[in-house]
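These notes concern the structure reproduced below.
The values are calculated or read from the model by the stated rules, or taken from the named source; none is laboratory data. Fair warning: this is a prediction, and the values are worked out from it, not measured in the lab. Cβ sites come from the backbone with ideal geometry, for glycine too, and all protein chains shown count toward neighbours. Note: accessible area is taken over every heavy atom of the protein model, side chains too, but ligands, DNA and RNA are not part of it. Shrake-Rupley method; radii C 1.70, N 1.55, O 1.52, S 1.80 Å.
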Amino acid sequence: MKILLFGASGHIGSAIAGELLSRGHSVTGVTRTGDIAGNGHEGLTVVAGDATSADTVAELSAQGYDAVASAVGPKLGVDDDHKIIVGAANALIEGLTRSGVRRVVVLGGAGSLEVAPGVKVIDNPNFPAIWKQNALAQSEALGLYRQADALDWTFISPAAQIEPGERTGTYRVGGEQLLVDAEGKSRISIEDYAVAFVDVLERAEAVKSRITVAY
């Protein structure tokens, strides 16, 4: 497939790009600077673009892509979470609707997942304050996608803990509830999150749904 990937230079975005390329897909990575460190893969093209601009999304996605992927995220402690996360959601919804590309798979957040009926991860009084605005913005973005009738969207929330690790190719898929393992931990490596992300994209699964992946 020919994939347009926003946020391709971040930790998770670069892992998704790598996973797509390893499976033989053609990837155009969109970054703020138009550059990705270490870019040398013949299947990867890098362009500069603003993921919060509907005009940019419409212009880029109109160039014959099978699907769009978004791993857009703010720089912690630098960017305005709401401006980047909600701004990108609005831009993707409007821009893709204009270009006619229906399929979009999005990196989401874990804060809006439920730990009990009506109780979300973000409701925990011990939820890290540094991630609170990010989680609230991700929750708002999810609400926007749920109203995007013109798109075949999938919003993929990671486990509560996601960090660099091993690519095992193994993961579980859930819905609205936080997944935990036998020890009560909710975790996944960035590498296995990327595997799950690309699996969903390739198989056209979980259309118009939020899912979560974890060990």
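Observations on the model:
- Mean Cα-pair separation over length for the chain, i.e. relative contact order, pairs under 8 Å, 6 or more apart, %: 19
- Counting protein heavy atoms only, the chain has 49 percent of its accessible area on carbon and sulfur, 1.4 angstrom probe.
- Near G111, no amide H atom lies under 5 Å from its own; only residues 5 or more places off or on other chains count, and H is placed 1.01 Å from N.
- Remark: region 55-123 carries 43 Å² of accessible area per residue (probe radius 1.4 Å; ligands, DNA and RNA excluded).
- Taking a ≥ b ≥ c as the square roots of the Cα gyration tensor eigenvalues, region 101-215 comes out oblate, since a/c reaches at least 1.5 and a/b does not exceed b/c.
- Taking the longest Cα principal axis of the chain as reference, the axis of helix 81-99 is set at about 50 degrees.
- Residue among A48, A150, A129 with the largest mean-square fluctuation in a Gaussian network model of the chain, springs linking Cα atoms under 10 Å: A129
- Residues whose amide H falls under 5 Å from that of Q177, counting only those 5 or more places apart or on a different chain, are E114, with hydrogens built in the peptide plane.
- Cross-link partners of K83 among lysines, defined as those whose alpha carbon lies under 25 angstrom from its own and excluding same-chain residues fewer than eight positions apart: K75, K120, K132, K208.
- Given the chain, longest segment not containing exposed loop GluC sites (Glu not before Pro) (DSSP; at most 16 other Cβ within 10 Å): 43-165
- The helix-only estimate of mean residue ellipticity at 222 nm for the chain, built from DSSP H runs of length n ≥ 4 each weighted as -39500 (n - 2.57), is -10000 deg cm²/dmol after division by the residue total.
- The chain - charge dipole about Cα centre, Lys and Arg +1 at Cβ, Asp and Glu -1, debye rounded to 20: 180
- Relative contact order for region 63-134, counting Cα pairs under 8 Å that sit 6 or more residues apart, in percent: 34
- Long-range amide H partners of T45 with built H, under 5 Å: V27, T28, G29
- Between the alpha-carbon centres of region 162-204 and region 49-126 there is a gap of 19 Å.
- Relative contact order of region 5-61, pairs being alpha-carbon contacts under 8 Å that are 6 or more residues apart, as %: 30
- Of all DSSP bridge pairs formed entirely within the chain, close to 15 percent run antiparallel.
- Derived scalar couplings ³J(HN,Hα) [region 127-139; Karplus, 6.51 cos²θ - 1.76 cosθ + 1.60; whole Hz; x for Gly, Pro]: 4, x, 4, 5, 9, 4, 5, 4, 5, 5, 5, 5, 5
- Overall, region 46-123 carries a charge dipole of about 180 debye about its Cα centre when +1 sits on the Cβ of Lys and Arg and -1 on the Cβ of Asp and Glu, all other atoms neutral.
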